[in-house]
Amino acid sequence: MRNRGSIGGRRGLVIFCFLAYFLTFFFMSPTKVYASDVNELGITTESEPRTPTVIREPGTATDASDIRDLNVSNNLSITYTDEQGNLSGTLRILIILTLIAMAPFLVIMMTSFTRILIVLHFVRAAIGTQTAPPNQVLVGLTLFLTFFIMNPVITEINNNAVKPFEAGEIQQEEFMEAALQPLREFMYPQTQTKDVRLFMDIAKIESVDSVDDIPTRVLVPAFVISELRRAFIIGFLIYIPFIVIDMVVASTLMSMGMMMLPPTTISMPFKILLFVLADGWNLVIGNLVKTFY
């Protein structure tokens, strides 16, 4: 019992000392610290009181100029143009990084990527193979076919926009117009007029005098819708011979009384055999690429 009482007394003493130290530190008045002088011997000597470090007490500003002077370190300024009207280097790097992040969306929406990838997925679904070829192979093949089809457009952008801009011959606005023009010339022949009219009606644009007057914000979604429609039409045509094989196999199994045997299990080898004998990849890829010319 004595040990417990001595331990409790020690705890109370420690708590009391801690509270006394905290209250003393909290209520003690602030003191101003002045700079000191050092003589030739390196001994610090007291000097006359000098001006405090704080020039003004908080809340003593009277007008906007005083607030600006008191908050010099809190100001933020961004320079977005140089003396010649061009974008600054830092802002240009930021724009380039943003375009790199948006590059996948630009590739999907403004090139032949969408149509090719959808058609290849239809081919795989029509044959009945779930993972052959895998998605990585289809996407990789689609990318290379996209670069192949878009090579003239990329070359024109490089010659008419990128090289003159790097040489300082054109400004940012001219660069954007020169880079966008080849893409517009590629998209418009692949876009149906009714799709363009649909988005012009949504945007409340009554009429345009020429193709160049169609805004890009109207042309891009119209192009995507046209690509989806054309890809689904091609997919339907690809499905027809494989559906015939499924119907023949299903009819044969029913006539033989094999009701419990799935027709897809029997028809898949015949589909693969037909696709290989007809050189299906050559026909599909060749005619798919020709749809863009």
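What is the extension gain from ILE202 to ARG217, computed as 0.36 nm multiplied by their sequence separation minus the C-alpha to C-alpha distance, in nm to one decimal?
On the way: separation 15, 0.36 × 15 = 5.40 nm, distance 1.13 nm.
Working it through step by step, the gained length comes to 4.3 nm.
State the Cα centre-to-centre distance between the stretch 165-217 and the stretch 230-293 in whole Å.
Going from one Cα centre to the other spans 40 Å.
Given 0.36 nm per residue, what is the gain on full extension from ALA103 to VAL276 after removing their alpha carbon distance, in nm?
Stretched fully, the ALA103-VAL276 segment lengthens by 58.7 nm.
Can you pull out the trypsin sites (Lys or Arg not before Pro) in the stretch 170-264 whose DSSP state is coil and whose Cβ has at most 13 other Cβ atoms within 10 Å?
Answer in residue order: LYS204.
Going by average Cβ neighbours within 10 Å, how do the peptides 281-293, 150-162 rank, with the highest at the top?
Values: 281-293: 13.1, 150-162: 15.1.
Ranked from most to least packed, the peptides come out as 150-162, 281-293.
For the stretch 138-204, go through all pairs of different Cα atoms, get the mean of 1/r, take its inverse, and jot down that Kirkwood value in Å.
Values: mean 1/r = 0.0715 Å⁻¹.
Final number for the Kirkwood radius of the stretch 138-204 is 14.0 Å.
Could you work out the mean projected area of the convex hull around the alpha carbons of the stretch 178-293, in square nanometres to one decimal?
10.7
Taken together, the values in this text are just the output of simple stated rules run on the coordinates, not laboratory data. Everything numeric in this text was worked out from a predicted model, so none of it was measured. For neighbour counting, all protein chains shown are included, and Cβ atoms are generated from backbone atoms with ideal geometry for every residue, glycine included.
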